[in-house]
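Trainee: What follows is a structure written as structure tokens; I'll ask about it next.
The values are calculated or read from the model by the stated rules, or taken from the named source; none is laboratory data. Keep in mind it's a predicted model, so treat the numbers as computed, not measured. Cβ atoms come from the backbone with ideal geometry, glycine included; neighbour counts cover every protein chain shown. Areas reflect the complete protein model, heavy atoms only, side chains present, ligands, DNA and RNA absent. Shrake-Rupley method; radii C 1.70, N 1.55, O 1.52, S 1.80 Å.
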Amino acid sequence: MHPSSEALVLGVETSCDETSVAVVRGGREVLSNVVSSQIPLHAEFGGVVPEIASRQHVRAIGEVTRVALSEAGVQMADIEMLAATRGPGLAGALLVGLNFARGMGLGLGVPVAGVNHLEGHLHSVWLSRDSPPVPPPVLPMLALVVSGGHTELVVMRDHGKYELLGRTLDDAAGEAFDKVARILGLDYPGGPAIQRAATGADEPVRLPRAWLPGTFDFSFSGLKTAVLHLALEMATGSTVTQLRGTALPKIDVAGRLSPEQVANIAAGFQESVVDVLVRKTVGAAEAVDAASVAVVGGVAANRALRERMQRDVTRALFMSAPEFSTDNAAMIASAGFYVPAPAEGDVQPGLGLSG
Ligand code: KG4
Ligand code: ZN
């Protein structure tokens, strides 16, 4: 069921905490990309609450679809294909978008593609607001997928053909940003908050890097612990060894840090993450002799990461525009256009990349 080259695809994304619907022409040209974020609803809990997410998707999806069609200047009847995320993500949240798309597909009599969310992120560098769109990446492409749930180095040989080179053994990079932000008393989501705080740093602290030599894997949990220990020491003036036996959870670490200390820890943490991500990506691109390099996913919106990638990557570099970095339906429409796997069966919360 390959769509025609100019097909209008309606994408639907509800894998986590954004309800998004988009209209994309020919897999690349974005006519609309509406994202209704639930962040304020989850912020007081410091992370996404699955039950709240599902209910909010149900509430929002109809209106988000109406706005996406209207912004694109098209009618429901113009849509030639639908594409919805089938995994990975939160089961209840995925069900809302996938079943909504299936219902619409039945009503309109058009095919519905079930899309792998990670494949969506990879396709974010095919998207463009220009008409006609600027030239796309050349394959094979080495991609760093770096988000709240994933940190992976992937070789894309063709649409639908991927090889996993390495992945995080513990926390995803975005998850580390979120957890460190919590330690420092910064807002959720942590990525943008840490980026903002880091701009005030005059002397970034030096934090460890987990290189895991000889692999393209990552590890960020040790870094998170190092931040916690350092923050405790700065907040109390005692070493972690001296603090043993103290009721640590009772210590208001964030409340005792000065804004300068928060800025210097945030900047040091960001530098450590960026350093590892960039060097591993450069090494992987060399190892597979990639024609192009892509950086995609929520953390790709990070300014320090973008600047270092621009400086150090010598191959054709494609970084998803911030609008297409965090979760959105345009990337799902694009992946569905290039890899139109029928949306059959159940949602797949633990789905990985393969093929
Ligand atoms: O791709 P995404 O929207 O959702 C997932 O599929 O996980 O990524 C969300 C993650 C969050 O952890 C958030 O803190 C991080 O991306 N993020 C950033 C920035 N903007 C979002 N991390 C660092 N710097 C940013 N500017
Ligand atoms: Zn994502």
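Trainee: Calculate the spin-label point distance for Arg196 paired with Trp211, positioning each point 7 Å from the Cα along the beta-carbon direction, and give it in nanometres.
Mentor: Placing both labels 7 Å beyond Cα along the Cβ direction yields 3.6 nm.
Trainee: Rounded, prolate or oblate for region 227-309? Axes are the square roots of the Cα gyration tensor eigenvalues, ordered a ≥ b ≥ c, and the cut-off for rounded is a/c under 1.5.
Mentor: Prolate, because a/c is 1.5 or more and a/b exceeds b/c.
Trainee: Carbon and sulfur atoms: what percent of the 1.4 Å accessible area of region 163-319 do they account for? Before the final figure, lay out each step's value.
Mentor: Details: 3700 of 7350 Å².
Whole-percent figure for carbon plus sulfur exposure: 50.
Trainee: When the chain is fully extended, how far beyond the present Cα-Cα distance does Asp158 get from Thr236, taking 0.36 nm per residue of separation?
Mentor: 22.7 nm
Trainee: In nm, give the distance between the simple-model label positions of Ser5 and Val134, each being 7 Å from the Cα along the Cα-to-Cβ direction.
Mentor: Result: 2.3 nm between the two label points.
Trainee: Given the options Ser320, Ser37, Ser258, state which has the largest fluctuation in a GNM of the chain using a 10 Å cut-off (strictly under) for Cα springs.
Mentor: Comparing Ser320, Ser37, Ser258 in the GNM, the peak value goes to Ser258.
Trainee: Next up: At 0.36 nm per residue, and after removing the present C-alpha to C-alpha distance, how many nm does the segment from Ala254 to Thr314 gain when stretched out fully?
Mentor: That pair, Ala254 and Thr314, stretches by 17.6 nm at full extension.
Trainee: Using r as the Cβ-Cβ distance of Thr246 and Arg59, and R0 as 41 Å, what FRET efficiency do you calculate, to the nearest 0.05?
Mentor: 0.35
Trainee: Distance from the Cα centre of region 1-76 to that of region 231-258, in angstrom?
Mentor: Result: 43 Å between the Cα centres.
Trainee: Here is a further query. List the lysines whose Cα lies under 20 Å from the Cα of Lys179, skipping any in the same chain that are fewer than 8 positions away.
Mentor: In chain and number order, the partners are Lys224, Lys250.
Trainee: Need the C-alpha centroid separation for region 188-210 versus region 96-132, integer Å.
Mentor: 35 Å
Trainee: Amide H neighbours of Thr168 under 5 Å, counting only residues 5+ apart in sequence or on other chains, H built in-plane at 1.01 Å?
Mentor: Close amide H contacts, sequence-distant or interchain: Thr151, Phe218.
Trainee: Something else now. Rounded, prolate or oblate, given the Cα gyration tensor of region 163-319, with a/c below 1.5 counting as rounded?
Mentor: prolate
Trainee: So if each residue of separation counts as 0.36 nm, and I subtract the Cα-Cα distance between Leu169 and Ser221, what length gain in nm does that give?
Mentor: So the chain would gain 17.8 nm between Leu169 and Ser221.
Trainee: How long is the chain along each principal axis, judged by its Cα atoms, biggest number first, in Å?
Mentor: Largest first, the chain extends 68, 46, 33 Å along its Cα principal axes.
Trainee: On alpha-carbon atoms, Rg over Rh for region 1-74 using Kirkwood Rh?
Mentor: My calculation puts Rg/Rh at 1.07.
Trainee: What angle, in degrees between 0 and 90 and rounded to the nearest 10, separates the Cα long axis of helix 91-108 from the longest principal axis of the Cα atoms of the chain?
Mentor: 20 degrees
Trainee: A follow-up question, please. For the chain, what is the calculated [θ] at 222 nm in deg cm²/dmol (nearest 500), taking -39500 (n - 2.57) for each run of four or more DSSP H residues and dividing by its residue count? Numbers along the way, then the final one.
Mentor: On the way: 13 runs with 149 residues, N = 355.
That calculation yields -13000 deg cm²/dmol at 222 nm.
Trainee: Further question on the same structure: Indicate the gyration tensor shape class of region 198-250 (rounded, prolate or oblate), computed on the Cα atoms with a ≥ b ≥ c the square roots of the eigenvalues: a/c under 1.5 is rounded; otherwise a/b larger than b/c is prolate and the rest oblate. Don't skip to the end; give the middle numbers.
Mentor: Details: a/c = 2.87, a/b = 1.49, b/c = 1.93.
Taking the square roots of the gyration eigenvalues as a ≥ b ≥ c, region 198-250 is oblate.
Trainee: Further question: For region 243-260, what does the Karplus curve 6.51 cos²θ - 1.76 cosθ + 1.60, with θ = phi - 60°, yield as ³J(HN,Hα) per residue in whole Hz, taken in order and with x for Gly and Pro?
Mentor: Going residue by residue, I get 7, 4, x, 7, 7, 4, x, 7, 7, 7, 4, 4, x, 8, 8, 7, x, 5 Hz, with x marking Gly and Pro.
Trainee: Work out the length of the dipole vector of region 163-319 about its Cα centre, built from +1 on the beta-carbon of each Lys and Arg and -1 on the beta-carbon of each Asp and Glu, and round it to the nearest 20 debye.
Mentor: For this selection, approximately 140 debye.
Trainee: Restricting to Cα pairs below 8 Å that are 6+ residues apart, what does the relative contact order work out to for region 163-319? Please round to a whole percent.
Mentor: Working: 200 pairs, mean separation 43.7, N = 157.
Over region 163-319, the number comes to 28 percent.
Trainee: Given N residues in region 93-179, what is Rg(Cα) / (2.2 N^0.38 Å)?
Mentor: Dividing the Cα Rg of region 93-179 by 2.2 N^0.38 Å gives 1.34.
Trainee: Given a 10 angstrom Cα cut-off, can you work out which residue in Thr151, Thr19, Thr199 is the most mobile in a GNM of the chain?
Mentor: Looking only at Thr151, Thr19, Thr199, the biggest GNM fluctuation is shown by Thr199.
Trainee: A follow-up question, please. Using the heavy atoms of the protein chains alone and a 1.4 angstrom probe, what is the accessible area of the chain per residue in square angstrom?
Mentor: Value returned for the chain: 41 Å² of accessible area per residue.
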